[in-house]
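First up is the structure itself, then whatever we jot down about it.
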Amino acid sequence: MSSGNEGLLTLTIKMRVSPEPEYEKELINLMKRYREALNYSIKVIIKNKSLSLGKVHKLLYNILKEKYDLPSKIAIDCYREAIAIAKSWLRNQNRGKIPKTKTPRIWLTHKQSYRIKDSYVEILGGYKLRIIGWDRRYDKYPNKDARLIIKDGKFILEISKHIPKPAKYISKGILAIDVNEKHIVVGNSKTELIFKTAIKRALHYKQLAENLQKKYSLTRYNAWLRRRGIRKRIRYFHKKARNIIEDWIKKISHKITILAKHYQYAVAREELTNLIESLRELPKEHKVALLILSYRRLEHWIDWQCEKNDVPLIIINPKGTSITCPRCSSKLVKNGYRKMKCFKCRFEADRDIVAVQNIERKAKMWGALIPLNASQMTDVSPNRCGEPNRPKGTFAL
Ligand SMILES: [Zn+2]
């Protein structure tokens, strides 16, 4: 369930599968019961603050078997997954509500609860699922624990694999990233590239959702909430907005990382936590929500892409990056729209360029030209679908 193995990365491979029709209903019911049992177990474990297997077994095993009607082995998998989720929640200092899963699912322990044979996945209990397609790139690495989920009506098997972590090169320079609402600027003192963000595009769909909601909450349309079609449409717009952000972040992080690798540069980004926290204090507008989402996902995907593509990564403290002169370290003064100027050395540039150069300077100052060994990477977090956690052991200045 967790790895922490040094020198190894944990990846999740997704596989589309389809159950044989005669078991489909039964399997869906089992996965729904598992979901309920898992949510119940997480609550009990957190309430009792018991994380040891023995204690949890006593607390839950019989209930999971009797009340939730789980087979013995699956009941054990269930409370083990619940322990892992409870642990990572308790470890997280900015934790929100107790985690709860919405998707029907089932945890499958490696070698015990599932196996892959020919073009089928066989699951304990006699279920057989035909494999429809998967990413073959990591076939040569052995399968570890897996999870079967139902998402948008489709069965997906997520299998974790450990792959050897590639060695990082010694960077020849820095590729700094600065992000704001409209642009992501990537570069250093020699060059910069500017990419538009997807905030505006995503906001469009948020607006459509809001308009629809407003229109149907007028009294003459009473109880829009009861109209399934409209509710569905509103949800679709919100989802579309999130997908736009997610797709764009994935693409841009990939692009940046590949660029850095091509020139053998280290990627340097600012620590965005404080920025995100300050955004949280603003009124809860759609734009603010999209910005928070974008910054969080950007951190996540940049770090992950660097780790996966063996690109050194440096995380710097954002303090002063937009107001310090990158040449002489004096304080810059505003000089027209988005322009900054140094009265001491006459340096003058756009805010984004200033930030990029300062991020580069800070990253170099810290001795970025030696490879950073970002130590351990990515337990597959059981409460996040198939995505790696942020790498630990990167350095903040
Ligand atoms: Zn200056």
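Taking amide H positions as placed in the peptide plane 1.01 Å from N, state which residues far from HIS110 in sequence (5 or more) or on other chains have amide H under 5 Å from it.
Result for HIS110 returns ASP145, ALA146.
Whole-Hz ³J(HN,Hα) for each residue in region 16-22, computed from phi via Karplus 6.51 cos²θ - 1.76 cosθ + 1.60 with θ = phi - 60°, x for glycine and proline: what do you get?
Those phi angles translate into 7, 10, 9, x, 4, x, 5 Hz.
Cut-off under 17 Å on the C-alpha distance; same-chain residues fewer than 8 positions from LYS151 excluded. Which lysines are left, in chain and number order?
Partners found: LYS14, LYS25, LYS32, LYS100, LYS102, LYS232, LYS239, LYS240.
Tell me, what is the per residue accessible area of the chain in Å², probe radius 1.4 Å?
On the way: 21630 Å² over 397 residues.
I get 54 Å² per residue for the chain.
Report, by chain and number, residues whose modeled amide H sits under 5 Å from the one on TYR141, excluding near sequence neighbours (fewer than 5 apart, same chain).
For TYR141, whose amide H was placed from the backbone, there are no distant partners under 5 Å.
Just from its helices, what would the mean residue ellipticity at 222 nm be for the chain, if runs of 4 or more DSSP H residues each count -39500 (n - 2.57) and the sum is divided by every residue, rounded to the nearest 500 deg cm²/dmol?
Details: 8 runs with 163 residues, N = 397.
Here the helix-only value at 222 nm equals -14000 deg cm²/dmol.
Could you report the accessible area of GLU271 in Å², rounded to 10, computed with a 1.4 Å probe on the protein chains as they sit in the structure?
Answer for GLU271: close to 40 Å² accessible.
Distance cut-off 31 Å, Cα to Cα: go down the list LYS111/LYS261; LYS73/LYS154; LYS255/LYS344 and report the pairs above it. Before the final figure, lay out each step's value.
On the way: LYS111/LYS261 37 Å; LYS73/LYS154 25 Å; LYS255/LYS344 37 Å.
Pairs exceeding 31 Å: LYS111/LYS261; LYS255/LYS344.
Whenever you get a sec, line up HIS254, HIS286 from highest to lowest accessible area (probe 1.4 Å, protein heavy atoms). If you can, show how the numbers build up before the last one.
Numbers: HIS254 85, HIS286 50 Å².
Descending order: HIS254, HIS286.
Around ASN180, which amide H atoms from residues at least 5 apart in sequence, or from another chain, sit under 5 Å from its own amide H, with H modelled in the peptide plane?
Here VAL185 satisfy the definition.
Could you tell me what percent of the accessible area of the chain is made up of carbon and sulfur, with a 1.4 Å probe and every protein chain present?
Details: 11010 of 21630 Å².
Ligands and nucleic acids excluded, carbon and sulfur reach 51 percent.
Using heavy-atom solvent-accessible surface (probe 1.4 Å) with all chains present, what is the largest-first order of TYR263, TYR40? Let's see the in-between values first.
Working: TYR263 120, TYR40 65 Å².
I get TYR263, TYR40, largest accessible area first.
Mind ranking ILE353, ILE132 by accessible surface for me, highest first, 1.4 Å probe? Could you put the intermediate results ahead of the total?
On the way: ILE353 30, ILE132 85 Å².
Result, largest first: ILE132, ILE353.
Convert each backbone phi in region 184-195 into a coupling constant with the Karplus relation 6.51 cos²θ - 1.76 cosθ + 1.60 (shift: θ = phi - 60°), then list the ³J(HN,Hα) values in order as whole Hz, x for Gly and Pro.
After applying 6.51 cos²θ - 1.76 cosθ + 1.60, I find 10, 9, 10, x, 7, 5, 8, 8, 8, 10, 10, 10 Hz.
Rolling a 1.4 angstrom probe over the protein chains, ignoring ligands and nucleic acids, what is the accessible area of LEU70 in square angstrom, nearest 10?
Its accessible surface works out to 10 Å², give or take rounding.
Normalised by the residues of the chain, what does the relative contact order come to in percent, with Cα pairs under 8 Å and at least six apart?
Here the relative contact order equals 20 percent.
The values are calculated or read from the model by the stated rules, or taken from the named source; none is laboratory data. Computed from a predicted model, the values in this text were never measured in an experiment. These accessible areas exclude ligands, DNA and RNA; they are computed on the full protein's heavy atoms, side chains included. Shrake-Rupley method; radii C 1.70, N 1.55, O 1.52, S 1.80 Å.
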